[in-house]
Each structure stands twice: as C-alpha cells, then as structure tokens.
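The values are calculated or read from the model by the stated rules, or taken from the named source; none is laboratory data. Note that this is a predicted model, so its numbers are computed, not measured. Please note: Cβ atoms are built from the backbone with ideal geometry, for glycine as well, and neighbour counts cover all protein chains shown. Only protein heavy atoms, including side chains, enter the accessible area calculation; ligands, DNA and RNA are left aside. Shrake-Rupley method; radii C 1.70, N 1.55, O 1.52, S 1.80 Å.
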Amino acid sequence: DYYRCARDVAALDVASLTDHDHWGIPFLDEAPPLWEEIQKQTRSFYEPGHFVTLEGFEWTNWIYGHRHVLHFGEGLELRSSIDPAFDTPTELWNSLRGEPVLTIAHHSAGGPIATDWTIPPDPELEPITEIVSVHGSSESLDSPGVINSPVPGNFGRDALSLGYRLGFVGSGDGHDGHPGLSHLAAGGGGLAAILSEEATRESVLAALRARRSYATNGPRIILDVELDGRPMGSVVAASPSLRLLVRVIAPDALDRIDLVADGQIVDSIPGEEKRMIVFESEIRSSGPGVLYVRVLQANGGAAWSSPFFID
C-alpha cells in the first residue's frame, strides 16, 4: 500500500520506507520478518526507468540524532542504533563504507532530537542533508515553518558555516502511510527533487552524491539554478564575476526569492504574485563562499536549492 500510494497517488519517482530500527511497535531490530518484508516489497516495486524504490531504515539514535540509511542496491543489513558496533555516526559510516549507501541527517535542527554537528558528516556517505520534513524546517531560524523545539546554531545554514559541503533534500516522516503527501494533513512536509539523468538506483545515487537536488516543504515547485553554467551543488572556481541564473515555476503565487550567501540573505527578488520567474544576477566573489537560493510562496510553500561552493 505504501509503494502504491507513492507511485500511483503521490506520483513520486523515488520512494523509500525508512521505518525505525529501534522505536515504534514493533522495533525493526527485534522483528526480522518485518524487515525482510520491507525489503521484499522494495524489490518487488522497483521498475528501472519508471519508479525507483530504495531499501532503507531510520537509525534512531537519541544522542547523536536520527539518520536515514538508504541503500541503492539490495541486501541492506539493518544496523541498530543501540548495537555497540553501530551506536555512533562514525561507527555507522565505517560499517557502510564500500556499499552503495547514503545517510541523511533527519530533522537536524530540533524536533524529536537535533543532530550533533560536532561530528563532521562523512563526505563520501553523507553529501546531503534534510532541511525540511513534517517536523518543520531545519534550514534557518528565518525560514517558514521552523522545526519544533529548534536549537539555535544547529540549522542547516549553520552546518554550512562549519565548512560542511552538503546538498539539500526534504523528506516526509509523515508516519501516516501517505508518502509525498504528508503536508496535506500535517500542514507541512518535505519532498526531495533529484536531478537524475535516469530513473534508476544508480543514476539517483550519482545525482545525490553530486548534490544535484533541492528541497520543498510539500508543493511541487520547479526550481532550476545555475552558477556560471554549473548545476546546483557544484564547486565553482572563485571569480570577480559569476553569472547566477534562476528559473522558478510555482503552483501558487510567489512572495519572493531569497539569495543566501555565507549565512546571510544578500538579495531578495519580489514575487509580485507571479507563478513563473526567470532572472539573472552577477555574483562578485573574490574568495571561498557558499551560495543558495530560497523560494517562498505567499501561502508558506517553499523550496531550497542545494548550495554552490565557491573555491
């Protein structure tokens, strides 16, 4: 039912059922048949070229934060967050190294538990981070629908200021069996837009490793951002003048488009209640920096491009 809803109702291209390893009833780490059933259904619904399903679980650690673990093949071993062999992020990453796997910090700025950003995300296994879900936005304190129980200094924008090179995605965490549509009942949600060449596990993995993705809090906003002709998530050489191109198509009236550079909003383009905007801007950069675009609809809908990293 979960995958049918994702494919046929929510019209998603990619979906993963990331149930908790050691939380809820029953715990996955205490119910091997349930974990095997999730893997079986994930294999059954994978249709290369049409619908991508990923084996995954939520590493539910109440000290360092929760993380999605996504496998882009088959045969993922469940690593319980209470197993002494996997109960720190570093141990988890070391156990996954060499597999087609990514981890994603979940509701990182607060909510049930904030991510411990003093542990640098593994650049190979965690190139992206979730900045919005049903719990709210983990992008920044000035974003719409900020996550509940936020921890100042622990937002995605703060993680970027620590020098971490992270792309942006949204994810649901709806817990109601309606993937891709949790925002309809909860008032907010999260979706990942993945700029993949093909609808295959291999291509989706390549796109996410390259940070070619963006996040929305539910609405299907189309966002295309380039810096000097490079796609979002790219590392771009510093130059006295860089050309930024932004294209937005939104399902509802736009309020504004913010340009965020090095943790500050440096420019805002009024939406004027339009639903489509294309604009170009000259970015002056003489040294390292981080740049991304945030799109805001008048009704609270939002999208965030993955950042550009200027070297």
*Do we find a residue being at pLDDT 95 or above, at positive phi, in a loop (DSSP other than H, G, I, E, B) and open to solvent by 30 Å² or more (accessible area, probe 1.4 Å) anywhere in segment 184-199?*
no
*Determine, yes or no, whether Gly163 is assigned to a loop (DSSP other than H, G, I, E, B), of a type outside the set (S, T, N, Q) and at pLDDT below 95.*
no
*Taking segment 200-212 on its own, how many of its residues are of a type outside the set (Gly, Ala, Ser), farther than 20 Å from Val293 by Cβ and open to solvent by less than 40 Å² (accessible area, probe 1.4 Å)?*
4
*asked:* Every residue in segment 22-34 that is over 15 Å from His175 (Cβ atoms) and within 24 Å of the chain's Cα centre (by Cα), please.
replied: His22
_With the requirement that a residue be open to solvent by 30 Å² or more (accessible area, probe 1.4 Å), part of a loop (DSSP other than H, G, I, E, B), of a type outside the set (Ser, Thr, Tyr) and in contact (Cβ under 8 Å) with a residue 12 or more places away in the chain, what does segment 129-160 give you?_
Val134, His135, Leu141, Asp142, Pro144, Gly145, Asn148, Pro150, Val151
_Between a residue in segment 213-231 that is within 24 Å of Ile104 (Cα to Cα) and any residue that is crowded, with 18+ Cβ neighbours inside 10 Å and of a type in the set (D, E, K, R), which pairs come within a Cβ distance under 7 Å, given they are 6 or more apart or on different chains?_
Pro231/Arg212
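Results for (1) among the aliphatic types (A, V, I, L, M); (2) surrounded by 13 or more Cβ atoms within 10 Å (Cβ to Cβ), shown as yes or no for each residue.
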position	(1), (2)
Asp228	no, yes
Leu244	yes, yes
Asp258	no, yes
Arg284	no, no
Pro288	no, no
*Can you pull out the residues in segment 213-225 that are in contact with a Lys or Arg (Cβ under 8 Å, 6 or more places away or on another chain) and either part of a loop (DSSP other than H, G, I, E, B) or surrounded by 18 or more Cβ atoms within 10 Å (Cβ to Cβ) (or both)?*
Leu223, Val225
*asked:* Report every pair of residues separated by at least 6 positions or lying on different chains whose Cβ atoms are under 6 Å apart, first residue within segment 94-116 and under 20 Å from Trp62 (Cα atoms), second outside any strand (DSSP E or B) and of a type in the set (Phe, Trp, Tyr).
replied: Ser95/Phe86; Ala109/Phe155; Ile113/Trp62; Asp116/Tyr64
*Among the residues of segment 290-311 satisfying the criterion of being among the aliphatic types (A, V, I, L, M) and open to solvent by 20 Å² or more (accessible area, probe 1.4 Å), which is farthest from the chain's Cα centre (by Cα)?*
Ala298
*Yes or no: Ala11 part of a helix (DSSP H, G or I) and in contact (Cβ under 8 Å) with a residue 60 or more places away in the chain?*
no
